[in-house]
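Novice: Take this structure, written in structure tokens, and hold onto it; I'll ask about it next.
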Amino acid sequence: MKHLMMTLALLLAGALSLQAQKACCSGKDKAACAKEASAKAACCDKNKDGAACAKTEGTAKKASLNADAVTAEIRIYGNCGMCKRTIEGALKEVEGVASANWDVKSGMLTVAYLPGKINENDIKAKVAAVGYDSDTHRAPDEVYSALHACCQYERPRS
């Protein structure tokens, strides 16, 4: 039993190390990355060219985006945690959106964005495209109808 537990622990440690290495080696020469002493060093140290690793580069870009961002509160209709995931997910990879957080209880979407890249109407249109109405943008009926039953809120009159 001890041998089985030890083998399982080693497999888990190896899998975690491999996963950390994959995340940290993006954009680097894979052979050079694999030779580094630890996954932490691969993530947090600079590579041979002196450029920051992929993990810290993304953080730096996000911090710069947040510094210039404007925050807006937008009423978005929805019901549950699944709605939250879909609404926030609709804005996750949108250029110019620094952050998006939809509150289930209040129905308010707090979004930080760069006005030169995107505006509130575009944000509302992105959310409507995945099935959620705002006070000014209505989701297409076929998209709304395809939402999970728990996500089908009482739609405001158009």
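The values are calculated or read from the model by the stated rules, or taken from the named source; none is laboratory data. Here the structure is a predicted model, which is why all the values come from computation and not from measurement. Positions of Cβ are backbone-derived with ideal geometry, glycine not excepted, and every protein chain shown enters the neighbour counts.
Novice: Looking at 61, 84, which one is modelled with pLDDT under 95 and not acidic (Asp, Glu)?
Specialist: Result of the check over 61, 84: 61.
Novice: Here's another thing I want to ask about it. Note down all Cβ pairs under 7 Å where the first residue falls in the stretch 81-95 and is within 15 Å of residue 128 (Cβ to Cβ), the second is surrounded by 11 or more Cβ atoms within 10 Å (Cβ to Cβ) and among the hydroxyl-bearing types (Ser, Thr, Tyr), and they're at least six residues apart or on different chains.
Specialist: 83/132; 87/132
Novice: Does the stretch 109-143 hold any residues that are of a type outside the set (Ser, Thr, Tyr), loosely packed, with under 15 Cβ neighbours inside 10 Å, in contact (Cβ under 8 Å) with a residue 24 or more places away in the chain and not in a helix (DSSP H, G or I), and which are they?
Specialist: If the condition is that a residue be of a type outside the set (Ser, Thr, Tyr), loosely packed, with under 15 Cβ neighbours inside 10 Å, in contact (Cβ under 8 Å) with a residue 24 or more places away in the chain and not in a helix (DSSP H, G or I), then 115, 135 are the ones that fit.
Novice: Can you work out which of the residues in the stretch 115-127 that are of a type in the set (A, V, I, L, M) and in contact with a strand residue (DSSP E or B) (Cβ under 7 Å, 6 or more places away or on another chain) is farthest from residue 91 (Cα to Cα)?
Specialist: Filtering the stretch 115-127 for residues that are of a type in the set (A, V, I, L, M) and in contact with a strand residue (DSSP E or B) (Cβ under 7 Å, 6 or more places away or on another chain), the one farthest from residue 91 (Cα to Cα) comes out as 118.
Novice: Of all residues in the stretch 98-107, how many are closer than 24 Å to residue 148 by Cβ, surrounded by 15 or more Cβ atoms within 10 Å (Cβ to Cβ) and aliphatic (A, V, I, L, M)?
Specialist: Selection size over the stretch 98-107: 1.
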